[in-house]
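The values are calculated or read from the model by the stated rules, or taken from the named source; none is laboratory data. No experiment lies behind these values; they were computed from the predicted model shown. We place every Cβ from the backbone using ideal geometry, glycine too, and count neighbours over all the protein chains shown.
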Amino acid sequence: MKKKIIVIDDEYDIGEILQIVLEEENFHVVCFTNALEAIRYAPDLFIIDHYLKGVSGSDICRQIKQNKLTNRTPIILMSVSNKLEALTAACKADAFIQKPFELEEVIRKVKELLEQ
């Protein structure tokens, strides 16, 4: 069975690119621009942009990590912020990806987190 990944990014193009690339790697990917809608699901991995409309990705990450049903789900936090490493640690995300990113880096981090 394919591992399910939820991508939360308010930039539709970013989500679409990640979906295409990760589905080529045999993952099932669902993209959301609305973070509050996305956290109703329990995927195998979340990829969350830090800067979202109306809410921060770090806050969404904290909510996921505080929920008993999803607290063990790996999260990758993405951002253009130069403070991404500190943001990642503060919200207890499992990894971070600096934007702009290399697709190979995304694939590598996803596979690493899903193999644990």
Residues of the stretch 1-60 being in contact with a helix residue (DSSP H, G or I) (Cβ under 8 Å, 6 or more places away or on another chain), among the hydroxyl-bearing types (S, T, Y) and part of a helix (DSSP H, G or I), in sequence order, are S58
Here are the criteria: (1) surrounded by 17 or more Cβ atoms within 10 Å (Cβ to Cβ); (2) closer than 30 Å to M1 by Cβ; (3) not β-branched (V, I, T). Tell me which single one L87 does not satisfy. (2)
Name the pairs: first residue in the stretch 55-80 and closer than 16 Å to L36 by Cα and polar (S, T, N, Q), second residue at pLDDT 95 or above and part of a strand (DSSP E or B), Cβ to Cβ under 8 Å, at least 6 apart or on different chains? S58/L77
Residue satisfying all of: in the stretch 25-36; under 14 Å from the mean Cα position of the chain (by Cα) and over 13 Å from Q63 (Cα atoms); surrounded by the most Cβ atoms within 10 Å (Cβ to Cβ) among these: V29
Condition test on L87, is it touching a Gly at 6+ places or on another chain (Cβ under 9 Å) and assigned to a helix (DSSP H, G or I)? yes
